[in-house]
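Each remark here refers to the structure printed beneath this line.
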Amino acid sequence: MTSSTRLTPLQRLRDALVAVVAALSLWQAIVWLSGVPPFILPGPWRVAVTLADNIGLIADHALITIAEVLIGLVFGALLGAATALHLMVSPAARRIALPIMVFSQAVPVFALAPLLTLWLGYGMASKIAMALLIIYFPVVSTFYDGLRRTDPGLLDLARTMGATPTRTLLHIRLPAGLPAFGSGLRLAAVYAPIGAVIGEWVGASNGLGYLMLLANGRAKTDLMFASLFVLAAFAVALYGLVSVATRRMTSWSRESLDTL
């Protein structure tokens with residue numbers, strides 16, 4: 001898409017709002033036409049009223065989940081970035097650690113949630129660990145792939161100029177790999193809320209996942225949908241913030257490479 005046809009932020013917001021309104025209208029039409037009982041599928045208006053009536057309760061649980069997601073996202077991104085850099089500079093790590101990490105993906109991360117709850121308890125620690133684990137490999141794999149795909153011409157130039165491996169990593173490979181790291185962060189922003197909520201489903205006494213389970217057990221489907229809506233809104237906002245940050249990071253990496 002050329003710069004003349006690229007959508008502005010307001011146009012993207014307009015399109016998103018149109019899509020949301022269309023989806024809500026379709027949802028309400030299905031409820032009206034099918035006559036489905038509210039405890040099975042409440043309409044969007046009923047969900048909105050429930051959200052307004054229980055905003056304090058939902059906000060208290062949402063703050064717990066948001067904290068779990070953000071802490072897990074930060075630590076998962078830092079650990080993933082450090083691992084990718086280590087794999088890039090250490091042949092021994094690539095021979096030993098990389099196959100182990102790939103093999104570990106054969107184990108469903110969701111299956112580890114009960115173990116994490118057993119080891120770390122029912123508090124935030126097990127949910128943070130779950131969020132960290134679910135985003136760790138995507139961040140490592142995307143960033144490491146970006147580091148490996150550095151322009152060979154730039155690497156040849158660095159060798160010709162006598163740059164040390166450390167300076168080559170910091171001044172050439174790292175800027176070149178930042179766009180891939182940004183892609184990994186965007187994936188992490190989507191997966192981290194899933195990890196935290198899965199952990200809350202397995203065992204918790206607070207959080208949106210816990211509230212959804214509690215509402216489902218009491219046939220309060222409207223409250224469950226209201227909690228789900230808040231979780232989805234937070235996930236979309238988090239993805240948007242991460243996307244803005246990664247675009248700035250990508251612009252900086254391009255400027256750094258252009259100065260070489």
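The values are calculated or read from the model by the stated rules, or taken from the named source; none is laboratory data. Treat the numbers as computed from the prediction; the structure is a model and nothing was measured. Backbone-built Cβ (ideal geometry, glycine too); neighbour counts: all protein chains shown. With ligands, DNA and RNA removed, areas are computed over all heavy atoms of the protein, side chains included. Shrake-Rupley method; radii C 1.70, N 1.55, O 1.52, S 1.80 Å.
The mean of 1/r over all distinct Cα pairs in segment 185-228, once inverted, gives the Kirkwood hydrodynamic radius of 10.8 Å.
Taking the Cα centre of the chain as origin and assigning +1 to Lys and Arg Cβ atoms and -1 to Asp and Glu Cβ atoms, the resulting dipole is close to 520 debye.
Can you tell me what percent of all Cα-Cα pairs in the chain are more than 28 Å apart? Could you put the intermediate results ahead of the total?
Working: 16454 of 33670 pairs.
Percentage above 28 Å: 49.
Highest-first packing order for the peptide set 84-96, 41-53 is 41-53, 84-96, based on the mean count of other beta carbon atoms within 10 Å. Carbon and sulfur: what percent of segment 153-260's accessible surface (1.4 Å probe)? Carbon and sulfur together cover 64 percent of it. Using θ = phi - 60° in the Karplus curve 6.51 cos²θ - 1.76 cosθ + 1.60, the 3J(HN,Hα) couplings for segment 104-115 round to 5, 6, 6, 8, x, 4, 4, 5, 7, 4, x, 5 Hz; x is entered for Gly and Pro. Note on segment 157-260: with charges restricted to the Cβ of Lys and Arg (+1) and Asp and Glu (-1), its dipole about the Cα centre is near 280 debye. Sequence-distant contacts, meaning Cα pairs under 8 Å at least 6 residues apart, place the relative contact order of the chain at 26 percent. Along the axis of the charge dipole computed for segment 111-252 (Cβ charges of +1 for Lys and Arg, -1 for Asp and Glu, origin at the Cα centre), the listed residues Ala125, Val139, His171 are led at the positive end by His171. With the simple model of a label 7 Å out from the Cα in the direction of the Cβ, Leu13 to Trp252 spans 2.6 nm.
Taking only protein heavy atoms and a 1.4 Å probe, the accessible area of segment 1-72 is 75% carbon and sulfur. Once you have a ≥ b ≥ c as the square roots of the Cα gyration tensor eigenvalues for segment 120-260, tell me rounded if a/c is under 1.5, and otherwise prolate or oblate according to whether a/b is larger than b/c. Note, shape of segment 120-260 comes out prolate.
Provide the per residue accessible area, probe 1.4 Å, for the chain, rounded to a whole number of square angstrom. Working shown, then result.
Numbers: 14870 Å² over 260 residues.
With all protein chains present, the chain gives 57 Å² per residue.
Backbone geometry of segment 199-206 corresponds, through the Karplus equation with coefficients 6.51, -1.76 and 1.60 at θ = phi - 60°, to 3J(HN,Hα) couplings of x, 5, 5, 6, x, 6, 10, 7 Hz, x marking Gly and Pro. 3J(HN,Hα) couplings calculated from phi for segment 85-94 with the Karplus curve 6.51 cos²θ - 1.76 cosθ + 1.60 (θ = phi - 60°) are, in sequence order, 5, 5, 4, 5, 9, 10, x, 4, 5, 5 Hz; Gly and Pro show x.
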